[in-house]
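Q: Dropping a structure here in C-alpha cells format, bear with me for questions.
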Amino acid sequence: MEALHNDGIALLGSGEHPYAAEQVEELIALSLKLPHPDGIGEENRLGVGRILVDPVDVARGARGIEPAKVEAPEIAQMILDIVASEQAMAFWADCFGLEKLTVGRAQTNFLHEGDGVGWHNDHESNPEYRISIVLGLSDDYSGGDFLAQLTPEDQRRYRVNRGDILVAKAEIQHAVSVVESGRRMSLVLFCF
C-alpha cells in the first residue's frame, strides 16, 4: 500500500484485497448477465453494465437528459452485496485513512477489439468522488492497459488482470489504451 500513499494509485493482486477468488468468479458470472449497451461520450468506446447509478446522473433526467439506469436490478444488487459489503468498504476506507467510504456509482466495463477509454479523471463526472476501484474480470485480451498520468513527466501503465484490483484517487488523469484483441472486462466502483 506504500504506492497508494505515495502516488495515489496501486495495483493489488489476489490476497491483497478483500475479495476471495470464489467471489471474483461469482462477480464475473453475474457481470456477464448484465445488459451492457455500447458507448459513453465521443471519446469512449465500451459497453457499460449499470450496477448503481450516481445521484448526479439521476438528476440529469430533471434537465431533460436521458439518465443512465440499472436495467437488471436483481443482478446489480447481488454484485453490490459482494463488492460493497461492510467488510470490503471498511478495508477500502482504511487504505485511505478514511472513517467511511460509500459507493456512489458502480458499473461493469466491456471493451472489445478497437475499444478504449479517453483521458479523464473521475472528478469530472462527480467532484465528490474520492476513490476509484477497478476489479479486473478477464485476462484474455491484449492492449487495454490502464494508463495513469501522475505528473506531466510520470505516466504509468498497468495491466489489470482477472482478480487484480487497481485503486486510485479520483483526481488522477487516466485512460484505457485500445484493446488490440480479446475482451477486457472490469467492474468499477466510484466512491466518496
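The values are calculated or read from the model by the stated rules, or taken from the named source; none is laboratory data. Keep in mind that what you see is a predicted model, and the values were worked out from it rather than measured. Cβ placement follows ideal geometry from the backbone for every residue including glycine, while neighbour counts extend to all protein chains displayed.
Q: Quick check on this structure: which one of D115, D140 is in contact with a strand residue (DSSP E or B) (Cβ under 6 Å, 6 or more places away or on another chain) and closer than 16 Å to V48 by Cβ?
A: Working: D140 fails: closer than 16 Å to V48 by Cβ.
Going through D115, D140 in turn, the sole match is D115.
Q: Looking at S142, is it in contact with a helix residue (DSSP H, G or I) (Cβ under 7 Å, 6 or more places away or on another chain) and either within 26 Å of V179 (Cβ to Cβ) or surrounded by 19 or more Cβ atoms within 10 Å (Cβ to Cβ) (or both)? Write out each step before concluding.
A: Working: in contact with a helix residue (DSSP H, G or I) (Cβ under 7 Å, 6 or more places away or on another chain): no; either within 26 Å of V179 (Cβ to Cβ) or surrounded by 19 or more Cβ atoms within 10 Å (Cβ to Cβ) (or both): yes.
The answer is no for S142.
Q: For the structure I just gave you, tell me whether E171 is more than 12 Å from the chain's Cα centre (by Cα), of a type outside the set (S, T, Y) and in a loop (DSSP other than H, G, I, E, B).
A: On the way: more than 12 Å from the chain's Cα centre (by Cα): yes; of a type outside the set (S, T, Y): yes; in a loop (DSSP other than H, G, I, E, B): yes.
Yes: the conditions hold for E171.
Q: Something else now. Restricting attention to segment 144-167, and to residues there that are among the aliphatic types (A, V, I, L, M) and touching a Leu at 6+ places or on another chain (Cβ under 8 Å), which single residue is nearest to I9 (Cα to Cα)?
A: Our first condition is that a residue be among the aliphatic types (A, V, I, L, M); within segment 144-167, this holds for 147-148, 150, 160, 165-167.
Narrowing the set further to residues that are touching a Leu at 6+ places or on another chain (Cβ under 8 Å) leaves 160, 165-167.
Details: V160: 13, I165: 11, L166: 7, V167: 6 Å.
Applying the filter and picking the extreme gives V167.
Q: From the list A21, A10, A62, A3, pick out the single residue that is at pLDDT 95 or above, surrounded by fewer than 18 Cβ atoms within 10 Å (Cβ to Cβ) and either among the small types (G, A, S) or touching an Asp or Glu at 6+ places or on another chain (Cβ under 6 Å) (or both). Break it down stepwise before answering.
A: Numbers: A10 fails: surrounded by fewer than 18 Cβ atoms within 10 Å (Cβ to Cβ); A62 fails: at pLDDT 95 or above; A3 fails: at pLDDT 95 or above.
Being at pLDDT 95 or above, surrounded by fewer than 18 Cβ atoms within 10 Å (Cβ to Cβ) and either among the small types (G, A, S) or touching an Asp or Glu at 6+ places or on another chain (Cβ under 6 Å) (or both) holds for just one of A21, A10, A62, A3, which is A21.
Q: Would you please name the residue that is surrounded by the fewest Cβ atoms within 10 Å (Cβ to Cβ), looking only at residues in segment 96-124 that are touching a helix residue (DSSP H, G or I) at 6+ places or on another chain (Cβ under 6 Å) and in contact (Cβ under 8 Å) with a residue 12 or more places away in the chain?
A: Here is the first cut: in segment 96-124, the ones touching a helix residue (DSSP H, G or I) at 6+ places or on another chain (Cβ under 6 Å) are 100-101, 108.
Pick out the ones that are also in contact (Cβ under 8 Å) with a residue 12 or more places away in the chain and you get 101, 108.
On the way: L101: 22, T108: 25.
Among residues in segment 96-124 that are touching a helix residue (DSSP H, G or I) at 6+ places or on another chain (Cβ under 6 Å) and in contact (Cβ under 8 Å) with a residue 12 or more places away in the chain, the one surrounded by the fewest Cβ atoms within 10 Å (Cβ to Cβ) is L101.
Q: Report whether or not Q149 is surrounded by fewer than 16 Cβ atoms within 10 Å (Cβ to Cβ), of a type in the set (S, T, N, Q), in contact with a Phe, Trp or Tyr (Cβ under 9 Å, 6 or more places away or on another chain) and not in a loop (DSSP other than H, G, I, E, B). Write out each step before concluding.
A: Numbers: surrounded by fewer than 16 Cβ atoms within 10 Å (Cβ to Cβ): yes; of a type in the set (S, T, N, Q): yes; in contact with a Phe, Trp or Tyr (Cβ under 9 Å, 6 or more places away or on another chain): yes; not in a loop (DSSP other than H, G, I, E, B): yes.
So Q149 fits the description; yes.
Q: Okay, moving on. Is it true that D81 is surrounded by fewer than 17 Cβ atoms within 10 Å (Cβ to Cβ) and under 21 Å from R50 (Cβ atoms)? Before you say what the answer is, go through the steps one by one.
A: Numbers: surrounded by fewer than 17 Cβ atoms within 10 Å (Cβ to Cβ): yes; under 21 Å from R50 (Cβ atoms): yes.
So D81 passes the test.
Q: Still on this structure: May I ask you to say which residue of K33, K100, K69 is at pLDDT below 90, more than 15 Å from the chain's Cα centre (by Cα) and either within 23 Å of N161 (Cβ to Cβ) or among the basic types (K, R) (or both)?
A: Details: K33 fails: at pLDDT below 90; K100 fails: at pLDDT below 90.
Every option except K69 fails the conditions.
Q: Here's another thing I want to ask about it. Got a sec? Which of E180, E128 is touching a Gly at 6+ places or on another chain (Cβ under 8 Å) and either part of a strand (DSSP E or B) or buried (at least 23 other Cβ atoms within 10 Å of the Cβ) (or both)? Give the steps one after another, and end with the answer.
A: On the way: E128 fails: either part of a strand (DSSP E or B) or buried (at least 23 other Cβ atoms within 10 Å of the Cβ) (or both).
Only one candidate passes the filter, namely E180.
Q: OK, next. Scan segment 36-56 for residues that are crowded, with 18+ Cβ neighbours inside 10 Å, within 23 Å of I131 (Cβ to Cβ) and at pLDDT below 90 and jot them down.
A: Those that are crowded, with 18+ Cβ neighbours inside 10 Å, within 23 Å of I131 (Cβ to Cβ) and at pLDDT below 90: N44, L46, D54.
Q: Moving to a separate point now. List the pairs whose first member sits in segment 12-39 and is closer than 15 Å to L187 by Cβ and of a type in the set (S, T, N, Q), whose second member is at pLDDT below 95 and part of a strand (DSSP E or B), and whose Cβ atoms are under 7 Å apart, counting only residues at least 6 apart or on separate chains?
A: The qualifying pairs are S31/G49.
Q: Follow-up question, since we're still on this one. Cβ-Cβ distance below 9 Å, separation of 6 or more or different chains: which pairs start in segment 137-150 with a residue that is more than 15 Å from F110 (Cβ to Cβ) and in contact (Cβ under 8 Å) with a residue 40 or more places away in the chain and end on one that is surrounded by fewer than 18 Cβ atoms within 10 Å (Cβ to Cβ) and polar (S, T, N, Q)?
A: That search, which allows pairs on different chains as well, returns S142/S181; A148/Q155; A148/Q173; L150/Q173.
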